[in-house]
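Scroll down for the structure; my scribbles are underneath it.
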Amino acid sequence: MSNNHLKIKRWAKAGFFLVLAMALMQACGTKIPEGARIIEDTPTRNIPTKTPYVTATIPSDSILTATAAALQTHAGAVRFMSYNIQDGGQDRLAQVISIMQAYNADVLAIQEANGWSADDFAIAKQAASDLGMEYIYCQADDAAVDKNGNTYDLVLFSKLQIKSSEIYSNVANCLVRAEVVTASGQSVQVFATHIRPNFDEVGCKNVENIAKTMESFVSGPAILMGDMTMPPPEVLIGSPASQIACPPIFTAVGLLFFSDVSQVDHIWVTQAMLDIPSYKLPRPSNEPLVAKNILRNASDHQPLAVDFYFP
């Protein structure tokens with residue numbers, strides 16, 4: 001048999017095994033990592049979540065203040081928290097995690113989780129483990145990156161069951177929705193976002209898209225939290241007109257401004273949420289749960305947390 005015939009047979013055999021391998025991969029589907037589950041109803045992409053397998057540790061006394069010790073346990077309440085950790089936390093991650101643990105939130109939105117998707121979401125998984133929470137990861141587009149080339153990502157953590165979730169691609173940097181279920185069986189729609197600061201370029205487009213998305217949920221319990229990069233609706237001076245024009249768009253669809261820290265970090269709620277007994281945690285700058293020097297070193301933003309007492 002000639003060398004040409006031998007080569008043809010080898011190539012045919014190799015091609016057959018390649019096609020067979022591809023067919024087997026397609027039939028088996030994507031392998032789900034041990035200890036994780038995939039939320040299947042997300043229209044944009046699969047979301048990695050991690051089921052908690054440890055109990056969140058309590059920070060040392062050197063981290064906590066007297067206020068924190070009193071508020072760490074919030075029996076009967078669901079604590080919602082939003083926190084921009086500034087450029088992924090970088091070498092401040094230990095402090096950032098300690099602050100999260102001190103606040104002991106049940107649902108937690110983290111903005112600027114830059115680089116947390118690296119190495120198969122290593123940082124996000126470690127944070128979820130340390131906090132005893134599941135997580136939903138929103139990787140932002142690359143229209144804006146930090147000095148290390150990382151996108152401004154968002155992570156939504158929850159100790160409550162995540163019944164369903166979505167990631168919306170029409171809001172930059174990120175918009176995530178998760179339906180969580182309280183211990184009493186109450187479903188709450190939680191929205192977390194980080195709005196890009198390019199209002200002069202796009203106007204209120206991101207705010208409009210969030211409002212349109214939430215409009216179908218405003219009749220029931222729903223909460224929106226995150227770094228809005230704009231002032232609250234009552235602030236009419238001191239900020240660019242392009243930003244001041246945006247908060248009324250939320251109000252027009254039935255959302256109500258609830259709380260903020262440093263003006264740009266907001267929590268908005270529906271009337272159904274407003275009808276539930278609630279408690280706004282003290283402003284960190286006035287009555288901190290964590291020592292002020294630790295807060296200042298950890299991020300250029302402050303944590304924002306509120307408690308809701310569901311029946």
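Nothing in this text is a laboratory measurement; each read-out follows from the coordinates by a stated rule. Only a predicted model underlies this, so the values are computations on that prediction, with no experimental measurement involved. All Cβ positions, glycine included, derive from the backbone under ideal geometry; neighbour counts span all protein chains shown.
For the pair residue 118 and residue 143, a Förster radius of 22 Å applied to the C-beta separation gives a FRET efficiency near 0.70, rounded to the nearest 0.05. Please list, by residue number, everything in region 90-107 whose backbone N is under 16 Å from a paramagnetic label point 7 Å out along Cα→Cβ of residue 297. What the label zone holds, given the 16 Å backbone N cut-off, is 90-100. Please sort by residue number the trypsin sites (Lys or Arg not before Pro) in region 122-224 whose DSSP state is loop and whose Cβ has at most 16 other Cβ atoms within 10 Å. For trypsin sites (Lys or Arg not before Pro) across region 122-224 that sit outside H, G, I, E and B with at most 16 neighbouring Cβ atoms in 10 Å, the list reads 147. Computed extension gain for residue 184 through residue 279, at 0.36 nm per residue and net of the alpha carbon distance, reaches 32.3 nm. Packing here is the average count of other Cβ atoms within 10 Å per residue, and on that basis the peptides 118-124, 185-191, highest first, run 185-191, 118-124. Figure legend: label point modelled 7 angstrom from the Cα of residue 75 along Cα→Cβ; residues of region 285-311 with amide N under 16 Å from it are 309-310. In order along region 93-110, the phi-based Karplus estimate (6.51 cos²θ - 1.76 cosθ + 1.60, θ = phi - 60°) of 3J(HN,Hα) comes to 4, 4, 5, 4, 5, 4, 5, 4, 5, 5, 6, 6, 6, 8, 10, 9, 10, 10 Hz; Gly and Pro are listed as x. Which of the three applies to region 197-311, rounded, prolate or oblate, going by the alpha-carbon gyration tensor with a ≥ b ≥ c and a/c under 1.5 meaning rounded? Because a/c hits 1.5 or more and a/b fails to exceed b/c, region 197-311 counts as oblate. Mind running the shape call on region 94-146? Use the C-alpha gyration tensor, a ≥ b ≥ c as the square roots of the eigenvalues: rounded below 1.5 for a/c, prolate if a/b tops b/c, oblate otherwise. Prolate, because a/c is 1.5 or more and a/b exceeds b/c.
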